[in-house]
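Take a look at the structure below.
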Amino acid sequence: MLRRLQQLTQSAEGYLWTILPAIKDTAKPTPSPPEESWETSVSLDGAPAILTGLYTPHAHPKGLVVIVPGLGASPKSSYCHRATSTLLGSGYSSLRLGTVRCPTRRPDFHRLELADQLTVALAQPPLDRYTHVILLGYSIGGHGALRAVATDISERVSALALVSTPFDLSISQSHIDSPLRKFHRGYFLNMLKDVYKTGSKSGHFPEPPQGLFQARTLRDLDASLISVDTHRPEPMERFYREISARWTLDRIKIPVLAVLSPTDPMIPPHSVVFEHPQLSPDIDIRWHPGGHIYFPPNTDLGEAGPRGLLPQMIAWWERKTSPADQIQGKSSMNPTLWTS
């Protein structure tokens, strides 16, 4: 009885840390940091497209941090604003990646093309002058970044930091589509539908498929999006397996820090912790009480730096990408798995 009460209390805390900060940001929006509009041309299987973003330069930067927002979020989302301001105060320039606009291709909500996009973006000025690049991914944006670093993207990318990121999208999708997640599922579905509808009206995306607005689950929404490209039904289990970062983890050769909450209402622990015979030793998983995306301001990951999620992550990547570590050519990290 006591254990069940503790579980319910922890679950409630996870929901509160997910919802209350978002409500607070809506009532009192986070001030916009200094920013410049940024865009570059990319190709989506031969189709010309525009990758957009917001660039915030530091006068004497330690490096560049590329921020990849989560599902339905944008460079102007409150947590992206807050991250940019913290990074600027810590001596980093940043680029908040936006959407890829292509009038003949559906929006890439899963960030499947991120590796190619990063390769192109980092080769363009002013990003080409940075020799030290960190990726910071939130939720599904982090999943796309995790897939990207498993490929041969720019050697200037020296570390990846993840917040509330699933490794297996099939497990995550089933979790979000469960009856207990009806509130959060409805919120994300409405947001994604609005993003697609607004983008298609502006000519950034093609017309939404007929089944998009009838979708009541993420699985149905993904199936309707896939039909835009394939014009035929796609076995969804095969689709989720093909795009999940879980199957690329053994190819990762740079330090990766993943910070998650065991009571995240959107990302279940078993979408991150599972049997994997070749899990890269460079992947460091840290569990800390919080919600989805949002964590308490006194979050302490055990790093020698100020408390708070992002300051602690900055301290981690500065430690892991120090000249001494680079000369040794290896990371001292070992995976830390939550098992309770």
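Being more than 30 Å from Glu318 (Cα to Cα), without any contact (Cβ under 8 Å) to a residue 60 or more places away in the chain and not hydroxyl-bearing (Ser, Thr, Tyr) is not true of Gly199. Here the condition is being under 15 Å from the mean Cα position of the chain (by Cα), at pLDDT below 95 and within 22 Å of Leu257 (Cβ to Cβ); of Leu162, Leu71, it holds for Leu71 alone.
For the stretch 175-208, filtered to residues that are assigned to a loop (DSSP other than H, G, I, E, B) and under 29 Å from Pro268 (Cβ atoms), the residue that is nearest to the chain's Cα centre (by Cα) is Asp177.
Checking Arg147, Arg156, Arg129 one by one, the residue that is basic (Lys, Arg) and in contact with a helix residue (DSSP H, G or I) (Cβ under 7 Å, 6 or more places away or on another chain) is Arg147 and no other.
Residues of the stretch 108-156 that are over 17 Å from Leu51 (Cα atoms) and among the polar types (S, T, N, Q): Thr131, Ser139, Thr151, Ser154.
Go through the residues of the stretch 212-228 one by one and say whether even a single one is modelled with pLDDT under 85, more than 14 Å from Thr104 (Cβ to Cβ) and not polar (S, T, N, Q). Scanning the stretch 212-228, I find at least one residue that is modelled with pLDDT under 85, more than 14 Å from Thr104 (Cβ to Cβ) and not polar (S, T, N, Q), so the answer is yes.
Scanning the stretch 19-45 for residues that are among the polar types (S, T, N, Q) and at pLDDT below 85 turns up Thr26, Thr30, Ser43. For Trp38, the conditions (1) within 26 Å of Leu169 (Cβ to Cβ); (2) out of contact with any helix residue (DSSP H, G or I) (no Cβ under 8 Å at 6 or more places or on another chain); (3) of a type in the set (A, V, I, L, M, F, W, C) all hold with the exception of (1).
For (1) surrounded by 15 or more Cβ atoms within 10 Å (Cβ to Cβ); (2) under 21 Å from the mean Cα position of the chain (by Cα); (3) assigned to a helix (DSSP H, G or I); (4) at positive phi, each residue gets a yes or a no:
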site	(1), (2), (3), (4)
Trp17	yes, yes, yes, no
Trp38	yes, yes, no, no
Ser43	no, no, no, no
Pro48	no, no, no, no
Leu51	yes, yes, no, no
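Is the stretch 100-118 home to any residue that is surrounded by fewer than 24 Cβ atoms within 10 Å (Cβ to Cβ), of a type outside the set (Val, Ile, Thr), modelled with pLDDT of 95 or more and touching a Phe, Trp or Tyr at 6+ places or on another chain (Cβ under 9 Å)? No - not one qualifying residue is present in the stretch 100-118.
Taking the criterion of being in a loop (DSSP other than H, G, I, E, B), under 23 Å from Gly63 (Cα atoms) and either out of contact with any strand residue (DSSP E or B) (no Cβ under 7 Å at 6 or more places or on another chain) or basic (Lys, Arg) (or both), the residues of the stretch 75-125 that qualify are Lys76, Ser77, Ser90, Gly91, Ala123, Pro125. For the stretch 4-15, the criterion of being farther than 21 Å from Pro262 by Cβ, modelled with pLDDT under 90, surrounded by 12 or more Cβ atoms within 10 Å (Cβ to Cβ) and not hydroxyl-bearing (Ser, Thr, Tyr) is met by none of the residues. Please tell me if Leu146 is within 23 Å of Ser322 (Cα to Cα), outside any helix (DSSP H, G or I) and hydrophobic (A, V, I, L, M, F, W, C). Answer is no for this residue. Can we say Ser154 is in contact (Cβ under 8 Å) with a residue 12 or more places away in the chain, small (Gly, Ala, Ser) and in a loop (DSSP other than H, G, I, E, B)? Answer is yes for this residue. Filtering Leu169, Leu180 for residues that are buried (at least 16 other Cβ atoms within 10 Å of the Cβ) and hydrophobic (A, V, I, L, M, F, W, C) leaves a single hit, Leu169.
The values are calculated or read from the model by the stated rules, or taken from the named source; none is laboratory data. Being a predicted model, the structure only gives us computed values, none of them experimental. Positions of Cβ are generated from backbone atoms using ideal geometry, with glycine treated the same way; all protein chains shown enter the neighbour counts.
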